[in-house]
Each structure stands twice: as structure tokens, then as C-alpha cells.
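Read through the structure below, which is laid out as C-alpha cells, and then see the notes.
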Amino acid sequence: MAAKGGGAQGKRPQRQAGSVPSMQQAGSEPALSIERIVATAVELLDAEGVDGLKMRRLADRLGAGAMSLYWHVDNKEEVFDLALDSVLEYRGPPQGIEAADWRGAIFHMLEDWRASMLRYPWSASLLPRRALGPNILNRLELLGRILSGAGVAEADLNGAIWSLWNYVIGATITRANFDLSDDDMAAAQQRLAHLSEKYPTIERARLLLDNDWDGAFRKGLDFLLDGLVPRQ
């Protein structure tokens, strides 16, 4: 699985010497910057989802003309890439934890990753389809380094990294979309009770009433890490 390339390049208007338009002229649109564009794109994605991000709509939120955006970004695909990467920044585990407690370091990073995607639900579905920016690549590099230091063989490293990637994204998408009320869950479990002859194990475990999403995530991650590096 390789990082995808970004959107089409080279479509940004060619700037001639002395021809860069002033964004501060009286009566003109406000000054634009990559930072403002990305922050506003994140706001728009939060409000309207992936389908709601249009260059014209983004420009309207910025109080700018749509064409002025192309002085800063090549196209909408680049806006997606930048917005996604901006919400997945990771500042690293607490000082010293990586060397002292490799499992704790992985738990810290992957729980932070999941929490970031739950804060921005559009990111989990968008991530597998976008170019991998520096923030997510930094996460993957750190993850690989920790796993390698914990004893995962070089030949198994890619499988380990992608297994954890799949787990985090799958757990996040499930949590974000499995939005039943307590009453709905109780009703589903009651229906299951009437079918206990067909589904005795999950009925006995009261699977459909279990809403400890954080606990299930941590326990599942423990299972995965035990498989990668068995406890001594």
C-alpha cells in the first residue's frame, strides 16, 4: 500500500514578475493564506461533510473570489489533502514513554489518532482515498520505529503497521456511524433475546447492549499487540 500522489499539479496561474495582485487594495477581498484556506476548509467539512466542500463555497466563506484561491492551491484535491493532514497532527507521546513503555507509546498515539478522527468524522472516510501528508507520515514513521524497537521483524513490519492502521480506521468509522440511542440498543437486544436459539453466544454476552466503545478499542488493541509482540 503506497501513498497516493496529490491532485493534478501545474494548474496554478502563472505569476509574472510584478503581476501578483494585491489582496489589501481598498475594497478588495481580504488577504488569503494557506493557513486561512485550510482552517476554513476544515470548518466547511465539519459543517457540510466531504460533499459540501466546493471551491466556490469555500471562497464565499473566506470572503474571496473563487479564482483567487488558485494563487495558493492547485485545486480542490489539494485542499482536501491539506485539510485532512492538518487535523491529524500528532505532538508525540509524553517525554520518555517511547523508550520506557513501547505499548504505552503505541496506545497513546493510536488513541490520539482515533480521537482526532472522531472529532472530525469526515477524516476517517477521507483518509484511505487521499495523499498521505507529513502529519500522517510522521505517525506511521513513529509507529514503525516503536514496533521495530519492540522486536517486530523487518519482514513483518509493513503487515504490523497496516494491521494497526486498519484497526484504528475501522474502529473509528464503526463508532462514528453506530449511533443508536440506549432505547434502540435495548430494543435490538430484546429482539435478539427472542432469537436466542439461533444466536445464543452473542445474546448471552449481551453484545448489542455493550456501548463501552473506548474499552473495546483498548482491549482489541491489546489483543493485536499481544499477537505482534507476545508478553514476556
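At a glance:
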quantity: For segment 52-80 and segment 183-211, distance of Cα centres in Å; calculated: 48
quantity: Relative contact order (percent, whole number), segment 38-140, Cα cutoff 8 Å, 6+ residue spacing; calculated: 31
quantity: Which labelled figure in (i) 41, 26, 14; (ii) 34, 18, 16; (iii) 38, 24, 14 is semi-axes √(5λ) of the Cα gyration tensor in Å, once derived from the coordinates; calculated: (i)
quantity: Chain lengthening between GLN190 and ALA100 when straightened (0.36 nm per residue, less Cα-Cα); calculated: 27.7 nm
quantity: Cα-projected label distance for ALA66 with TRP162, points at 7 Å along beta-carbon direction, nm; calculated: 3.9
quantity: Principal-axis tilt of helix 134-150 within the chain, Cα atoms, nearest 10 degrees; calculated: 30
quantity: Percent carbon-and-sulfur accessible area, the chain, ignoring ligands, DNA and RNA, probe 1.4 Å; calculated: 51
quantity: Estimated inter-spin distance, ILE173 and ALA115, nm [label 7 Å along Cα→Cβ]; calculated: 2.4
quantity: MET55 paired with LEU209, simple spin-label distance in nm, labels 7 Å along Cα-to-beta-carbon; calculated: 5.5
quantity: Between helix 154-177 and the chain: long-axis angle, C-alpha atoms, 0 to 90°, nearest 10; calculated: 90
quantity: Cα-based reach from LYS219 at 13 Å (exclusive), listing aspartates and glutamates while leaving out same-chain residues under 8 positions away; calculated: GLU111
quantity: Acute angle (nearest 10 degrees) that the helix 182-193 long axis makes with the longest principal axis of the chain, alpha-carbon atoms; calculated: 40
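The values are calculated or read from the model by the stated rules, or taken from the named source; none is laboratory data. A quick note: this is a predicted structure, and the numbers were derived from the prediction, not measured. Using ideal geometry, Cβ is built from the backbone for each residue, glycine included, and neighbour counts are taken over all protein chains shown. We work out accessible area using only protein heavy atoms, side chains counted, and drop any ligands, DNA or RNA first. Shrake-Rupley method; radii C 1.70, N 1.55, O 1.52, S 1.80 Å.
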